[in-house]
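Structure, as structure tokens:
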């Protein structure tokens, strides 16, 4: 296995008039979790589909496990596991049968496929439901089964396309645990997500993707440091109060103070931690600004996204990742 | 995973093994899908009984009793419709991402379609036996025939059904969802199966329709089965039926496979 399990250089893809990818470069170190973070329609799924040999790039090259995704498709496929946005399992078959079938299609012998199916059902806490048709499963159970199916052949590289989209918070936490254990085993995981929290929690490296291109890359910590440090956020009781608050807080600002008159919020970059918060309260009090809310915020990936793209991660939600055939 | 590459022999072995795996799990699923069970059992029984008793007295079929005339016709119609399960199944798989999952496996590309269409053969076999049995209960009997000819008739029917499964496969892979696959799969089969010799003698139709019905693959297959099972002379229709089926397979199997390879959906 090469040092980088996944390498992509200048991937481009166009669907009719839509430029889905305009030169995506990625390098994913072996045995690490890498998150492709971006809103719907950013090109995350298209990138995964190209890397998983489901789609051909118009331009650029990519290798997975050292194999060329365009020229060595069979080798790539024998090397990867894919779990998509939907539970890609047969509703009429039981959990056990679904996993066995996938094992057989990975060309495992029947006893081996069976054994592996039982192992995975146990690991994903599906043993009790193993002999029930999948149509009786809950959403979370289906997704677990789908992930299990991706792991049947113990693939060194696993693609997880939005593994927790649509899951309730409890199932999401369970999924995160599973993904963490996966990596403990030495697998390379490329996951796509719209949830900044998810990337932050799981990934060693994050590529922020927007409108078909990677706009930033690095560890969650590196990305956070790009937006600068902490900030004090103040919401004033009236819209008119916001500029006054901004004025008052200039004294403790470590950079430009941002005012959002619509939301009546003021954001002040600071350095002193909770000390700055107390200073801010004092300054606001002294200038008689009516404050509805005040807090010290440490940067999140949300802030990274906002500062990199100029729009919030959720903004382009309706565009949809759906692409024509 | 040593099978990723290899000799032609091992590739062929694995391709067949993959197709068999898909077939097997498709068949396992059949008894668990109520809609499919109804489609496979109750519908054919209803058709045999209804057509037998509703039209039986009104339609004049020289040389054959209506029930004998009807059974080959209605079985051909049923196997022609049988492929729709493949079409709907593929459309569903596409929608739900099952096809993406399968396309990301190191399995043979043609195995999914082959497995589905071969599963249709097994289902059609079931329908044929069931309809013959129900037919016998309502008065059908084989005439001027022997076991070899009866079996030849069954094989002809299965080949015909297999050809229609590939058409349905192409439709299923080309439409946006299972509902459309269902209606698109059904709609053209009604004129095709009714404007044929399946239910009424072709010479009772207006001239323009006769011209169509004469060359209709449904007609030639129905006539061929009538010859094999009932000794009703059908000229070269056995040969024509085989040629039609092989021709349809030769066109639609590659088209469906190509469509499958190119398929990509979110």
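The values are calculated or read from the model by the stated rules, or taken from the named source; none is laboratory data. Everything numeric here is computed off the predicted structure, so don't read it as measured data. Every residue, glycine among them, receives a Cβ derived from its backbone with ideal geometry; neighbour counts consider all protein chains shown.
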Qualifying position, being under 17 Å from residue B:71 (Cβ atoms) and surrounded by fewer than 18 Cβ atoms within 10 Å (Cβ to Cβ), among B:231, B:247, B:235: B:231
Residues (surrounded by fewer than 24 Cβ atoms within 10 Å (Cβ to Cβ), more than 16 Å from residue B:226 (Cβ to Cβ) and touching a residue at least 60 places away in the same chain (Cβ under 8 Å)) located in the stretch B:147-169: B:158, B:159, B:162
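Just checking, which of B:185, B:115 is in contact (Cβ under 8 Å) with a residue 40 or more places away in the chain and under 22 Å from residue B:45 (Cα atoms)? It would help to see each step written out before you state the result.
Numbers: B:115 fails: under 22 Å from residue B:45 (Cα atoms).
After applying the criteria, what remains is B:185.
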Every residue from the stretch B:11-53 that is exposed (fewer than 13 other Cβ atoms within 10 Å of the Cβ), farther than 14 Å from residue B:126 by Cβ and within 14 Å of chain A (Cβ to nearest Cβ): B:12, B:34, B:35
1 or more residues within 14 Å of another protein chain (Cβ to nearest Cβ) and within 30 Å of residue A:84 (Cα to Cα): qualifying helices (runs of 4 or more DSSP H) within the stretch B:159-266: B:178-187, B:237-262
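Can you tell me how many residues within the stretch A:183-199 are in contact (Cβ under 8 Å) with a residue 12 or more places away in the chain and surrounded by fewer than 21 Cβ atoms within 10 Å (Cβ to Cβ)? Give the steps one after another, and end with the answer.
Step one: of the stretch A:183-199, the residues in contact (Cβ under 8 Å) with a residue 12 or more places away in the chain are A:183, A:186-199.
Okay, now just the ones that are also surrounded by fewer than 21 Cβ atoms within 10 Å (Cβ to Cβ), so A:183, A:186, A:194-195, A:197.
The total comes to 5.
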Filter result for the condition that a residue is touching a helix residue (DSSP H, G or I) at 6+ places or on another chain (Cβ under 7 Å), more than 14 Å from chain A (Cβ to nearest Cβ) and at pLDDT 90 or above, over B:138, B:129, B:147: B:138
Any hit, the stretch B:104-113, residues being within 14 Å of chain A (Cβ to nearest Cβ), over 17 Å from the mean Cα position of the chain (by Cα) and in a helix (DSSP H, G or I): yes
Where residue A:203 falls short, out of the listed (1) surrounded by fewer than 20 Cβ atoms within 10 Å (Cβ to Cβ); (2) in contact (Cβ under 8 Å) with a residue 60 or more places away in the chain; (3) touching a strand residue (DSSP E or B) at 6+ places or on another chain (Cβ under 8 Å): (1)
Residues (surrounded by fewer than 19 Cβ atoms within 10 Å (Cβ to Cβ) and in contact with a strand residue (DSSP E or B) (Cβ under 8 Å, 6 or more places away or on another chain)) located in the stretch A:13-45: A:14, A:19, A:22, A:23, A:25, A:27, A:29, A:30, A:31, A:32
Within the stretch A:23-124, helices (runs of 4 or more DSSP H) holding 1 or more residues that are more than 10 Å from chain B (Cβ to nearest Cβ) and closer than 24 Å to residue A:202 by Cα: A:44-51, A:110-123
